[in-house]
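What follows is one structure encoded as structure tokens, with my remarks underneath.
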Amino acid sequence: MPSLRDIRARIRSVQNTRKITKAYQVVAATKLRRAQQAVQMARPYADKMLEVLATTSELATEYQHERLRTVMKRTERGPGAFDLRWVELFEVDPAAG
């Protein structure tokens, strides 16, 4: 049978584990709330982007330009590997016309 000291130590251990678990839950809830806010703040931008693309696609059927190839959206964080790769993929040779 465990001694009184062992029981108290076990109780403290369980209480400390509860505190740590609660702290992790608070952190996770905060991150989730921030992510949800970011999504909600991006909705107007996404709606406007869909509107612009819809308008562009409607106009593209009426007006065909020989040099218009594609619409490329780049990230807002500056020139990184992702953006540079997209630029390489969509570069148009000016001599090709």
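Quick grid of which residues meet (1) touching a residue at least 12 places away in the same chain (Cβ under 8 Å); (2) touching a helix residue (DSSP H, G or I) at 6+ places or on another chain (Cβ under 9 Å); (3) hydrophobic (A, V, I, L, M, F, W, C):
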| site | (1), (2), (3) |
| --- | --- |
| ARG12 | no, no, no |
| ALA23 | no, no, yes |
| THR30 | no, no, no |
| ALA35 | no, no, yes |
| LEU53 | yes, no, yes |
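Do we have any residue at all in segment 62-70 that's surrounded by 10 or more Cβ atoms within 10 Å (Cβ to Cβ) and either at pLDDT 65 or above or assigned to a helix (DSSP H, G or I) (or both)? Checked against the condition, which is being surrounded by 10 or more Cβ atoms within 10 Å (Cβ to Cβ) and either at pLDDT 65 or above or assigned to a helix (DSSP H, G or I) (or both), segment 62-70 yields no hits at all. For segment 1-34, the set of residues classified as of a type outside the set (A, V, I, L, M) and more than 42 Å from the chain's Cα centre (by Cα) consists of PRO2, SER3, ARG5, ASP6, ARG8, ARG10, listed by residue number.
The values are calculated or read from the model by the stated rules, or taken from the named source; none is laboratory data. Keep in mind that this is a model prediction, so the values were computed, not measured. Backbone-built Cβ (ideal geometry, glycine too); neighbour counts: all protein chains shown.
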